[in-house]
Amino acid sequence: MSGGRPATKAPAAAINPFRARRYLEDKGVSLGALVARFGWSATTWSRFLNRARPLEGGTAMVERLLEERAIEVPPDLWEPESGRTVVAPGDAPAHRSTPLMSGQTKKDQVLTTPYSEVFMLAQFLSDGARRRFGLFNNPFAASALYDDEGQPRLDHIFLSRAQASVRLLLTQAATGGGFSAVYGPPGTGKTTLRARAMADAAAITEPHRLVVVTPANIERRKMELGHIVMELLRELTDDAVPQATNARDAKLEAVLLRYHKDRHRIVLLIEDAHELRPETLKDLKRLHEGRHGFMPLLGIILIGQPDLGVKLDPARNPLLTEVALRAVKVELPALAEGEIRSYLASRLALVGDRHVDHVFAPAAVAEMERLLATPKGEGQPSRPRTPLVLNNLAVGALNCANARGEDLVTAETVKDVLAAKSPALQAWGAA
């Protein structure tokens, strides 16, 4: 592998990843970040970091990711911790017996919990289940939130109490030139919430324009300020974009000032912002400093996964303190206790008039609330109470109930789907 700091190689017979694992946890670097950056599966990384299984180039990849995030790479990263036995490949126990780090609880063992135990996998709603429950389409599919023209059905988007607060924050950032960063795990509803907030902001801005600029560069890790300035100019003016950097910057300032004087509002919205490089985040802060009087010329909204919150935590990333002090950061939480029934009802309303109690028994909803609750002590790892997890659980329960010939999803069905122990689960696709 080219680039990055040369790795300190450990002998194949005595890999010592435990200090590195603890360091990654302390810095908020998740398995998902390693998977997204280098492409190996979560299982492979878990075996490397938790069970000392060999992974070619593993040490180099970990160090490279730390460097890309402006996190110091300790010289003793791969040396054995004091008092810890060296583990030979294949000798480590299963993840449930992996020793806890100092001060950790079972809940904190993020890196040691396989994805299959935490996330419900996506399911296809069978034709039989749709017929049995009177659903002409899958209400829990992402496509159900959009009309035939591909526009979001804003009036049907469910917002939890916490999401309503974040919606207001995003709306204010768009209309008032704020600098906001919203982050949360996959499936918390960040994208749909963004659509709702931008619609609100456009309504507030009328009769003037709200222009939302979303850079098209898919590889956020390669995005630089020059790309962003070019995207802004292409969206805001038909004039030729200057090639020289200084001329480009001056052109953008003039265009933003003209829009501001005409009472239009511009917002730069970047999704997957957790992948942005530290240098780019610093440049965004400087871009936001453009003012007309005391009013910012440009609003900036960053949306990403939890790694974005880690990057903007000055205790973990002192190099980004100047950005963290100016960006309003908010974590988008999962659904609160008692909101699952309302969420299920809102999704069923997308495809008909079926009442939630005629599809999911009250005891089934209560079982979902119980099984998706954060554990109070040791035991099974908690599953995120996110819309995505709930969508997959609901579809799985509908398929399972249909396979069993049941006209109502019961608490027992929900329990069996989460435990994945029902023989009826094998018949989903056949019904």
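Rule-based calculations on the coordinates, nothing more; no lab input. Note that the structure is predicted; figures quoted are calculated from it, not measured. Note that each Cβ is placed from the backbone with ideal geometry, even for glycine, and that neighbours are counted across all protein chains shown.
Model label sites at Glu68 and Glu149, defined 7 Å from Cα along the beta-carbon direction, differ in position by 4.0 nm.
Between Ser342 and Ala203, how high is the FRET efficiency from 1/(1 + (r/R0)^6) when r is the Cβ-Cβ distance and R₀ = 22 Å? Nearest 0.05. E(calc), rounded to 0.05, equals 0.35. Close amide-amide hydrogen proximity is noted between Tyr146 and Arg153, each under 5 Å apart and 5 or more residues distant or on a separate chain (H modeled in the peptide plane; Pro and chain starts excluded). Using the Karplus relation 6.51 cos²θ - 1.76 cosθ + 1.60 with θ = phi - 60°, the per-residue 3J(HN,Hα) values for region 229-239 come to 4, 4, 4, 4, 5, 5, 7, 9, 8, 8, 5 Hz, with x marking Gly and Pro. When each of the peptides 149-157, 20-28 is scored by the mean number of other C-beta atoms lying within 10 Å of its residues, the order from highest to lowest reads 20-28, 149-157.
Taking other C-beta atoms within 10 angstrom as a stand-in for reagent exposure, Lys415, Lys222 fall in the order Lys222, Lys415, fewest first. Relative contact order for region 155-274: 30 percent, from Cα pairs under 8 Å spaced at least 6 residues apart, divided by residue count. Take the Cβ atoms of Glu322 and Ala36, set R0 to 22 Å, and the FRET efficiency comes out at 0.25. Taking a ≥ b ≥ c as the square roots of the eigenvalues of the alpha carbon gyration tensor, region 161-331 is oblate, as a/c is not under 1.5 and a/b does not beat b/c. Length gained on full extension, Ala240 to Glu79: 52.4 nm, using 0.36 nm per residue less the C-alpha separation. Under 1.5 on a/c is rounded, so check that first for region 15-70, then, if it is not, pick prolate when a/b is larger than b/c and oblate when it is not; a ≥ b ≥ c are the square roots of the alpha carbon gyration tensor eigenvalues. Judged from the Cα gyration tensor, region 15-70 comes out rounded (a/c under 1.5).
In order along region 146-162, phi translates into HN-Hα couplings of 10, 7, 5, 9, x, 8, x, 7, 4, 6, 9, 7, 6, 10, 6, 4, 5 Hz, rounded to whole numbers, per the Karplus curve 6.51 cos²θ - 1.76 cosθ + 1.60 with θ = phi - 60° and x for Gly and Pro. Packing order of peptides 174-183, 390-399, 239-248, 311-320, highest average first: 390-399, 174-183, 311-320, 239-248 (average count of other Cβ atoms within 10 Å over each peptide's residues).
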